[in-house]
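This report refers to the structure that appears directly beneath it.
Here, each number is a calculation from the coordinates, and none is a lab measurement. This is a predicted model, so every value here is computed, not measured. Heads up, the Cβs are rebuilt from the backbone with ideal geometry, glycines too, and the neighbour counts pull from every protein chain shown.
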Amino acid sequence: MKAVIQPSYGSPDVLRIVDVGKPSPKEAEVLVKIQAASVNAYDWHLLTADIFLVRLMGGAWFKPKSDRPGADISGVVEAVGAAVSQFKIGDEVYGDIAGASGGFAEYAAVPESLLAPRPANLTFEQAAAVPMAGITALQGLRDVGSLRPGQKVLIQGASGGVGTFAVQIAKAFGAEVTAVCSTHNLEQARSLGADDVIDYTREDFTTSGKKYDLILAANGYHPLADYRRALTSRGIYVMAGGKFRQILGAGLSGSRMSEPNGRQIKMVSAKHSQADLLVLKEMIEAGKVKPVIDRVFPFSQTAEALRYLGTGHARGKVVIRMQA
């Protein structure tokens, strides 16, 4: 089979498509014929080796711990291990397989616990766009941010992969949602359900005087003190990704800047959860959430898909079509 390998850290130019052996599923694994995959900031960091982030995500100092990149997939079960109980041959599935197998490949042998049935109303390309970004938004809002109906929620980075899901999930949970994005993406944010939109090229929400119960920032860039100023007295700021300075600052100063029974500074990093894949499936099939896809690249252009993601201007998700 064909698979993308990453022999070293660097630009997308280091990626190669090679022939490798087709995997066989272990006892509790299924073999998935991958139909589509998507790229995430996670993949970009593991490719370009921002050393702090690589170590944070379990990477190695001098070369990738695994040379098989790719996390989000959707596809069809082609074989099952002897202990598999949830899936059978022919089932259509989706999931985040980071740390288990390379998703940028024609096949992957995957623990069944990392997969869930594909949402019935999505194509393979759409389903592949969901797992990591959708779970990050869900866990960031629901678990880390303790989102409750009626709260005022602001989503910074509302046009990206995590942000487009966060706007919809917050709205589905009954929040009053403000989306922060560029002029070009204001209408998209409104179409996803945002009650209010802020054009960050014209207005800085951290100095407007408005207060929010929950702020989720996808790749936020303001100082932590600015976010705290925009919170209500018991508000929560949740960081979902960002540059080295922001993540280091949150790690070192987040607890110090948080207040007992008051404003909180927190971070979210998506955790594998079959249960949350099923939550997202239910929300998608109910029409409450939909993936937003910017571009679809053929498998042969996986490097270009990552290069485009690395520009930082993708609107929603970037997807790779594995099968011709």
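In this structure, the residue pairs whose Cα-Cα separation is over 29 Å, taken from K22/K290; K2/K288; K22/K63; K88/K281; K211/K266; K65/K317, are K22/K290; K2/K288. For the chain, the residue among A28, A71, A189 whose Cα projects farthest onto the positive side of the dipole built from Cβ charges is A189.
How many percent of the alpha carbon pairs in the chain exceed a separation of 36 Å? The answer is 17 percent, as a whole percent.
Charge dipole of the range 133-267 (Cα centre as origin; +1 on each Lys and Arg Cβ, -1 on each Asp and Glu Cβ, all else neutral): 400 debye, rounded to the nearest 20.
When shorter helices are ignored and each DSSP H run of at least 4 residues is given -39500 (n - 2.57), the per-residue value for the chain at 222 nm works out to -7500 deg cm²/dmol.
The dipole here belongs to the chain: it is taken about the Cα centre, uses +1 on the Cβ of Lys and Arg and -1 on the Cβ of Asp and Glu, and is about 700 debye.
Other residues with beta-carbon under 10 Å from the beta-carbon of V180 carry, at +1 per Lys or Arg and -1 per Asp or Glu, a net charge of -4.
Comparing K210, K290, K88 in a Gaussian network model of the chain (Cα springs below 10 Å), the most mobile by mean-square fluctuation is K210.
Principal axis extents of the C-alpha atoms in the range 133-267 (largest first, rounded to whole Å): 38, 29, 29.
Cα centroid separation, the range 146-163 to the range 188-232: 9 Å. Normalised by the number of residues in the chain, the average gap of Cα pairs under 8 Å and 6 or more apart makes the relative contact order 19 percent.
The calculated FRET efficiency for Q274 paired with K2, based on their beta-carbon distance and R0 = 30 Å, is about 0.60.
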